[in-house]
Amino acid sequence: MQEKDRYLTLQPDTAKAMAQQLIAATGVPDRTAELVASALVSADLQGKSSHGLLQLPVYLKRLKAGTIDPRGELETLQEGAAFAVCDAHCMLGHAAAPQAMALAIKKARLAGIAAVSVRRGTHFGVAGHYARQAAKDGLVGIAMANTRPMIAAPGGAEAIVGNNPLAIAIPTRSAPVVLDMAMSATSMGAIRMAAAAGAPIDPGLAVDDQGLPTTDAVAAISGMLAPAGGAKGFGLALVVDLLCGLLSGGAMGAEVASSYGPPDDPAECSWLFIAIDPSVFGDGSAITARAEAYVTAVERSSRVPGTGAAHVPGRRRQGARRQAQDQVPVSRLTITALKTLAAELGRSVPPAFADLD
């Protein structure tokens, strides 16, 4: 037990088995349930708890309500040599997104570059996972999605655009360089944690419901997130929203609802995946070698004393997984929600949860 009053830690296999069992109990095929469970546990081990088991109660409630289709399949609506438009039919995002990126990879192998847009998607977890999927095959991978509005335009007092994630992975001779970022200065989850603890948030992270800067976590929850980098972050969020929504013919802007809303209310979003084969631009081996040399130069660059080693995007997350020592933290609130849902589904949770309320 760590942070006894707030968290229980589980072995990854235990956490995965629990998640898989509960997901399958809603009618999801076993292979899909395993895929989603693995993705959630992997996110926790990488330090991305906002995309880990924290999301499981949300998925289960929506699966029960029918706003996530337990047996939905990705459908290709239109395609050409270097593109495709797909409909995910509100299936589990962790199952649909790898298929969409695989299609982009397949087409890029033939055409050099390919884009696959997806309408009627649901929460797909860590965007960087799908960018890495392409990089593991030696291709540049780009993945993006839109989310519910939670950022105001510069000078505005209304949430108008999501903190839409963008991930770009570039293969090297070793681990890929992976930029994976949302366009807000912090996450709403971090603000909710501060509110629960009665603590203030740092300046510049959020605004209140009048659009004024605040360090009050409670006021921030009823307000909006600040964009990362000010107007630049807002601009990036806007173009990600436009690219995802326009190219897929799917939801964007105010059409994208929160997955945390009433489970009976649809919460569709739109995605875009791009794959690029470096070998069509020159010698593929030489390109990855140059990328590796650049990474080495960054890691060997001068640094400020006491700040640790310099690193490129994506390497810190690998370190987080190593430091996790194969322990998955689960919050008391998540445990309580899972116990309730497990009872409703006629399933059990790990014995370690038994005495926890």
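Results, tabulated for the structure shown:
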| quantity | calculated |
| --- | --- |
| Tally of residues being open to solvent by 30 Å² or more (accessible area, probe 1.4 Å), touching a residue at least 60 places away in the same chain (Cβ under 8 Å) and not in a helix (DSSP H, G or I) across segment 178-197 | 3 |
| Segment 244-253: number of residues that are closer than 15 Å to ASN163 by Cβ, open to solvent by 10 Å² or more (accessible area, probe 1.4 Å) and in a helix (DSSP H, G or I) | 1 |
| Filter result for ALA237 (more than 16 Å from PRO165 (Cα to Cα), buried (at least 22 other Cβ atoms within 10 Å of the Cβ) and touching a residue at least 24 places away in the same chain (Cβ under 8 Å)) | no |
| 3 or more residues in contact with a strand residue (DSSP E or B) (Cβ under 7 Å, 6 or more places away or on another chain): qualifying helices (runs of 4 or more DSSP H) within segment 1-74 | 30-45 |
| Residue in segment 255-278 that is surrounded by fewer than 20 Cβ atoms within 10 Å (Cβ to Cβ), outside any loop (DSSP other than H, G, I, E, B) and small (Gly, Ala, Ser) present | no |
| Number of the condition not met by LEU139 [criteria: (1) surrounded by 22 or more Cβ atoms within 10 Å (Cβ to Cβ); (2) modelled with pLDDT under 95] | (2) |
| Residues located in segment 99-121, provided they are in contact (Cβ under 8 Å) with a residue 24 or more places away in the chain and open to solvent by 30 Å² or more (accessible area, probe 1.4 Å) | GLN99, ALA102, LEU103, ARG109, LEU110, ALA111, ILE113, ALA115, ARG119, ARG120 |
| LEU103 being farther than 26 Å from GLY249 by Cβ, in a helix (DSSP H, G or I) and in contact with a Ser or Thr (Cβ under 9 Å, 6 or more places away or on another chain) | no |
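The values are calculated or read from the model by the stated rules, or taken from the named source; none is laboratory data. Not measured: the values here are computed from a predicted model. FYI the Cβ positions are ideal-geometry reconstructions off the backbone, even for glycines, and counts take in every protein chain you see. Ligands, DNA and RNA are stripped out before the accessible areas are found, and what is left, the full protein with its side chains, is counted by its heavy atoms. Shrake-Rupley method; radii C 1.70, N 1.55, O 1.52, S 1.80 Å.
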